Amino acid sequence: MILQDLNRVRQIAVIAARFGFADVAERAGLWRMLGRREKVEVSPETQRASTARRFRMMLNDLGPTFVKLGQILSTRGDLLPAEFVDELSLLQDQVEPIPLEQVHEQIRESLGKEVQDLFATIDPVPLAAASIAQVHRAVTLSGDEVVVKVQRPGISQRIDSDLTVLRSLARLLEAVIEETGVYTPTGIVDEFDKAIHEELDFVNEASNIRAFLANHEDRPYLKIPRVYDELSSRKVLTLEFIRGVKISQAKLSEDERKELAKHIIEASFRQLFDDGLFHGDPHPGNLLLLEGNRLALLDFGVVGRLTKPMQETLVMLCLAVALKDSDSVARILYRMGVPDSRANLVGFRNDIEGILGQHLPTTLGQVDARTLLRDLLDLAVKYKIRIPKEYALLSRASVSTEGMLRSLYPEMNILEVVLPYAKELLAGRYDPSQLQGGLMKTLLRFQSLATDLPTQLSQILLDLEAGKFTVTLREDQFDKLNENLRTLAIIAFLGLCACGFIVGTFIAFAPKPWMYDGVPVLGIVAIALAAALAGGAFTWYLFGSRFRKVSVTRWLKKRR
């Protein structure tokens, strides 16, 4: 690490201690890295706050990179407990706006022309100012009203510097966190690195918008802004200005609310099961109400993508949940996730049965999807099943969508509205007249299995006959047994060495006692060495467990 990085580590450690996370900094070895421990006082207000709230406050004080990390973590209910997700969702990415001169300079450097040669006017007052970019209204030379999103100067370099520090901290945490077998800190940082650089590249966001525009061009109820390619680059994004009202501020009749709720369900369904491309953050601030009860969708920095197999898996999961089939739900979740080790499917199924019985007491229309999805994600983490980020992002988007639907039209029976879509999905999936239908795919898979199974069984029998058949076993208990045996061997070795020192010294120097004032010097030295070895073995035995990895799950539970 360079000196600048060490200064940043010191700043992180001090801020962490200020918000009551000094023990985590100690376990991670930050103070040893810095050479000395800073004395930091924790305010009474901070001490009274919950752990989740203090974590959010700490990220907010650490700057834009950590704020973005918190916002991305708020979409991952499979990584953090529910109260942490709720708190991180409150992170506000609001900063002081940069001067208009810097905005003009960034546009000039990114687009290669003077601002007056690109825009007729740019509003000096920004519509929004965030840590990564700033948004201004503008008018093109042809008279079109647009919004211009301009990246803050130097933000990319600052984020790269913070990512270097984050990777170093992640490696330290992996040495002390027990749950690294499920989600490694370095893996989380790598995922964050990819996500933040995608957000920094406005070309990627423009590509997302064009894809949404193509998918929704035949859906009149939804408006997607147009990208001005000639006025866009990696650091500047120019979009069509859409005049509308936020849904939360609109005054609607009951019929209008019902129609709008149906539009939201229709758009969500089409994105998930027709397009395979869905908006990752559909909160009310990213939806505008237009004339004619139409919707406009904004902010495409976070999107999710579903492959055809993922879409089919999602359909089957929804049906299994609706039918309260805990066995199918357990197997589908196990298949769609990435098990870190062999999971106990019987226990997994029993726990899922309890969750479904709790959340599906009567009809699907009364389901609290927010709590149900979180409980299923928590259960997957409990059984060390890593959920792909697309499903976790979908969970967050589903919760946001359900919240909007309940606020728009609480009396809506979701089951009645969703049922026609479910029938359409099943009809397409099992329509034998279509070669792309799921039934034909299922038959082809059975045919392939019937063809391959004899060959595979023959291979196994031949390997058994030739003595080449091997079985690989993975079990946590074997690792623990290996560690215990190694510890036992070291303690026994030190004990034998101590005995050897005592016996060997007395035998070797019995004829020559090497007395000093009546005290046998070599005997005393041998006894001291033996005592040191025995003391080392005894210390290892008593305190070796103190240096084991800390469990974040247990640590969080103690602080709730």
Odd one out for Gly304 among (1) touching an Asp or Glu at 6+ places or on another chain (Cβ under 6 Å); (2) over 30 Å from Leu345 (Cα atoms); (3) in contact (Cβ under 8 Å) with a residue 60 or more places away in the chain: (2)
The one condition in (1) modelled with pLDDT under 75; (2) surrounded by fewer than 18 Cβ atoms within 10 Å (Cβ to Cβ); (3) within 20 Å of Ser395 (Cβ to Cβ) that Ala343 fails to fulfil: (2)
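Look at Ala128 and say whether it is crowded, with 19+ Cβ neighbours inside 10 Å, out of contact with any Lys or Arg (no Cβ under 6 Å at 6 or more places or on another chain), over 29 Å from Ala22 (Cβ atoms) and in the same structural domain as Glu199 (by TED's automatic domain parsing).
On the way: crowded, with 19+ Cβ neighbours inside 10 Å: no; out of contact with any Lys or Arg (no Cβ under 6 Å at 6 or more places or on another chain): yes; over 29 Å from Ala22 (Cβ atoms): yes; in the same structural domain as Glu199 (by TED's automatic domain parsing): yes.
So Ala128 does not fit the description; no.
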Residue match in region 374-393 (condition: assigned to a helix (DSSP H, G or I), in contact with a strand residue (DSSP E or B) (Cβ under 6 Å, 6 or more places away or on another chain) and in the same structural domain as Ile265 (by TED's automatic domain parsing)): yes
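Every residue, every condition in (1) at pLDDT below 80; (2) in contact with a Cys (Cβ under 7 Å, 6 or more places away or on another chain); (3) more than 26 Å from Ile265 (Cβ to Cβ), yes or no:
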site	(1), (2), (3)
Arg370	yes, no, no
Leu377	yes, no, no
Lys382	yes, no, yes
Pro388	yes, no, no
Leu394	no, no, no
Leu408	no, no, no
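Being modelled with pLDDT under 90 and surrounded by 15 or more Cβ atoms within 10 Å (Cβ to Cβ) narrows it down to one residue among Ala138, Ala211, Ala175, Ala170; which is it? Steps first, please.
Numbers: Ala138 fails: modelled with pLDDT under 90; Ala211 fails: modelled with pLDDT under 90; Ala175 fails: surrounded by 15 or more Cβ atoms within 10 Å (Cβ to Cβ).
Of Ala138, Ala211, Ala175, Ala170, the one residue that is modelled with pLDDT under 90 and surrounded by 15 or more Cβ atoms within 10 Å (Cβ to Cβ) is Ala170.
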Identity of the residue in region 303-323, within 21 Å of the chain's Cα centre (by Cα) and part of a loop (DSSP other than H, G, I, E, B), that ends up farthest from Leu408 (Cα to Cα): Thr307
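β-branched (Val, Ile, Thr), modelled with pLDDT of 95 or more and under 30 Å from Leu393 (Cα atoms): is that true of Val146 in this structure? Step through it out loud before you land on a result.
Values: β-branched (Val, Ile, Thr): yes; modelled with pLDDT of 95 or more: yes; under 30 Å from Leu393 (Cα atoms): yes.
Yes.
Please work out if Leu288 is under 23 Å from the mean Cα position of the chain (by Cα) and either buried (at least 19 other Cβ atoms within 10 Å of the Cβ) or of a type in the set (Asp, Glu) (or both).
Values: under 23 Å from the mean Cα position of the chain (by Cα): no; either buried (at least 19 other Cβ atoms within 10 Å of the Cβ) or of a type in the set (Asp, Glu) (or both): yes.
It is false that Leu288 is under 23 Å from the mean Cα position of the chain (by Cα) and either buried (at least 19 other Cβ atoms within 10 Å of the Cβ) or of a type in the set (Asp, Glu) (or both).
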Residue among Phe278, Phe273 that is over 25 Å from Asp144 (Cβ atoms), at pLDDT 90 or above, of a type in the set (Phe, Trp, Tyr) and buried (at least 16 other Cβ atoms within 10 Å of the Cβ): Phe278
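Taking Ser253, is it under 30 Å from Ile107 (Cβ atoms) and more than 24 Å from the chain's Cα centre (by Cα)? Full working, then the answer.
Working: under 30 Å from Ile107 (Cβ atoms): no; more than 24 Å from the chain's Cα centre (by Cα): yes.
No; evaluated as a whole, the condition is false for this residue.
Name the one entry in Phe278, Phe300 that is out of contact with any Phe, Trp or Tyr (no Cβ under 7 Å at 6 or more places or on another chain) and either under 14 Å from Phe212 (Cα atoms) or assigned to a loop (DSSP other than H, G, I, E, B) (or both).
Being out of contact with any Phe, Trp or Tyr (no Cβ under 7 Å at 6 or more places or on another chain) and either under 14 Å from Phe212 (Cα atoms) or assigned to a loop (DSSP other than H, G, I, E, B) (or both) holds for just one of Phe278, Phe300, which is Phe278.
Would it be correct to say that Asp229 is surrounded by 15 or more Cβ atoms within 10 Å (Cβ to Cβ) and acidic (Asp, Glu)?
no
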Test for Asn60: is it out of contact with any helix residue (DSSP H, G or I) (no Cβ under 9 Å at 6 or more places or on another chain) and at pLDDT 70 or above: no
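Could you say which residue among Arg27, Arg10, Arg32 is part of a helix (DSSP H, G or I), among the charged types (D, E, K, R), within 17 Å of Arg167 (Cα to Cα) and at pLDDT below 70? Break it down into steps so the answer makes sense when it comes.
On the way: Arg10 fails: at pLDDT below 70; Arg32 fails: within 17 Å of Arg167 (Cα to Cα).
Step by step, each of Arg27, Arg10, Arg32 is checked, and only Arg27 is part of a helix (DSSP H, G or I), among the charged types (D, E, K, R), within 17 Å of Arg167 (Cα to Cα) and at pLDDT below 70.
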Odd one out for Arg234, checked against (1) surrounded by fewer than 17 Cβ atoms within 10 Å (Cβ to Cβ); (2) over 27 Å from the mean Cα position of the chain (by Cα): (2)
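Determine whether Arg76 is buried (at least 18 other Cβ atoms within 10 Å of the Cβ) and at pLDDT below 80.
Values: buried (at least 18 other Cβ atoms within 10 Å of the Cβ): yes; at pLDDT below 80: yes.
Criteria met by Arg76.
The values are calculated or read from the model by the stated rules, or taken from the named source; none is laboratory data. Please read these numbers as outputs of a predicted model, since none were measured by experiment. With ideal geometry, Cβ positions are generated from the backbone for all residues, glycine too; neighbour counts draw on all protein chains shown.
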